[in-house]
Each structure stands twice: as C-alpha cells, then as structure tokens.
1. Tell me whether the range 25-40 contains one or more residues that are of a type outside the set (G, A, S), over 15 Å from the mean Cα position of the chain (by Cα) and farther than 24 Å from E190 by Cβ.
2. Looking only at the range 150-166, which residues are crowded, with 17+ Cβ neighbours inside 10 Å and of a type in the set (V, I, T)?
3. From the list F8, F29, pick out the single residue that is closer than 25 Å to L143 by Cα and hydrophobic (A, V, I, L, M, F, W, C).
4. Determine which member of the set E36, E40, E71 is charged (D, E, K, R), in contact (Cβ under 8 Å) with a residue 40 or more places away in the chain and touching a Cys at 6+ places or on another chain (Cβ under 6 Å).
5. Looking at F5, F76, F81, F92, which one is closer than 25 Å to V153 by Cβ and over 12 Å from the mean Cα position of the chain (by Cα)?
6. For F156, are the conditions met, namely being aromatic (F, W, Y), touching a strand residue (DSSP E or B) at 6+ places or on another chain (Cβ under 6 Å) and outside any helix (DSSP H, G or I)?
7. Which members of the range 191-214 meet the condition of being acidic (D, E) and over 24 Å from F136 (Cβ atoms)?
Amino acid sequence: MSFQFKQFSVSHESSSMKVGTDAVLLGAFIQTEKQEKILEVGTGCGVVALMLAQKGNRVLAIDIHAPSVEEAQQNFSNSVFAPLLIADEIDFFKLQAPVKFDRIVSNPPFFQNSLQAPDEARNAARHAVNDWVKRFWERAQKLTGKVNVIIPVEVFDEWKRESELSNFFLVKKCEVFSRSDKPAIRLILEFYRIEQQLEETSLVLMNEDGTRTKEYAEFAGEYYL
C-alpha cells in the first residue's frame, strides 16, 4: 500500500511511523532559503525527508527501527529525489557527524502520559523515555543551529524549557486546530541559536463537513493531490 503525493509516493507497511497528518504538517511548514544539509531524527517511512528533498535540500534520515530505514530507503530510491536522500539505521544520541547540519527536524516520540500502543515498534517511536527531550536538545546543540519539531500542545512547556537550557530560542510557532471550534492539538515549532522576535501563526485543518479547509489545502498544496 502506498500514499501518493504530487511528486512522489510513499509505502509505509513496515515502518513504525506511517504517513500521517503530523508528518505532512512538519514537512510543509519548513521553509529553507537555500539548499540545506538536514538531519531528520526518526524518519519512519521517510515522508518528511522526501518533502524536504522536494524543496531542494539534502537529507540524512535516521531511525533506530531497521524495517523503517529499509522502507524509507526504498521510498527514496523510487523517487526522483533519490540523489538528495540517505536513510541510515543510526541512534541520534550516538551519531558522530564530521560536520554540522544546517537544520535538524523531527516528529519526535511523545505521548508520555498516554496508554501504550499495542505494537512494540510504534511504542518505541511514540513514547518519550525518561529524559529524552533534554537529551535531544543537548545533542542538537552540538550538531546544528536550527531545529523544527511538531509536538502535542500539552508538552510545549517542557520542550521550550529544555530548548532554552541548550541555548535555543523559539522563533516560529504555529498552532494547529483540527476544527475552528476545537482547542489546538499540535504545535509546529522552529528554534534558532539566535534570539529574535517570535512569529506566531495558526492553522485549521478541517471544515465542519470534514473536508480540508482552504488554508490547509494551500499550506500543503505543493504535496497533496
């Protein structure tokens, strides 16, 4: 089974992280001014990396789940963006990079307080363990000056606190709402090592009839069919 985008398709049968709205939101949100060298942490099936490659960036997509890496690499190989993409089975916290990345992106493990999912691989991908967030920022500090993540609203304070302890500053914040009459469900965030004025936006995904809103269609217009 594959998910068809405008310029590539993604199979996600073996990956711990499937094609989902969160991944598409993250990939569509990130804007790069030039060709960047990007590290994606927890690539799953590779959809975010493919979206970033479509923008002209080079991406090293890493994951600790071997079947995900294999499927991501297959998705990369089947796309016209293959020369820009590498998938590798690497633990982010053990990554030894000879040069720094222009940016790190991640749809990170979260749902710390929610029920465990029945699938072990999905568990590992979705549940932050102990001091994962703190360790993420400490590692990011050594590898890049820019970070993009998408997280649930309820873990925002922890992510912001830990980012500041590693000298990263929040510069962009997009609140995501499933519908206009519902509370925000996700935050798409961008952090820099240089403090600047915060740019805040919002995005409503669905109309009352369940169709995509005009703003969401435009937001992800380069990707969705």
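The values are calculated or read from the model by the stated rules, or taken from the named source; none is laboratory data. Keep in mind that this is a model prediction, so the values were computed, not measured. Please note: Cβ atoms are built from the backbone with ideal geometry, for glycine as well, and neighbour counts cover all protein chains shown.
1. Within the range 25-40, not a single residue is of a type outside the set (G, A, S), over 15 Å from the mean Cα position of the chain (by Cα) and farther than 24 Å from E190 by Cβ.
2. The answer is I150, I151, V155.
3. The unique qualifying residue is F29.
4. Details: E36 fails: touching a Cys at 6+ places or on another chain (Cβ under 6 Å); E40 fails: touching a Cys at 6+ places or on another chain (Cβ under 6 Å).
E71 is the lone residue from the list that is charged (D, E, K, R), in contact (Cβ under 8 Å) with a residue 40 or more places away in the chain and touching a Cys at 6+ places or on another chain (Cβ under 6 Å).
5. The match here is F92.
6. no
7. E208, D209
Residue by residue, here is whether (1) over 20 Å from R135 (Cα atoms); (2) loosely packed, with under 14 Cβ neighbours inside 10 Å; (3) modelled with pLDDT of 95 or more holds:
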| position | (1), (2), (3) |
| --- | --- |
| N148 | no, no, yes |
| F168 | no, no, yes |
| K172 | yes, no, yes |
| Y192 | no, no, yes |
| Q197 | yes, yes, yes |
| S202 | yes, yes, yes |
| R212 | yes, no, yes |
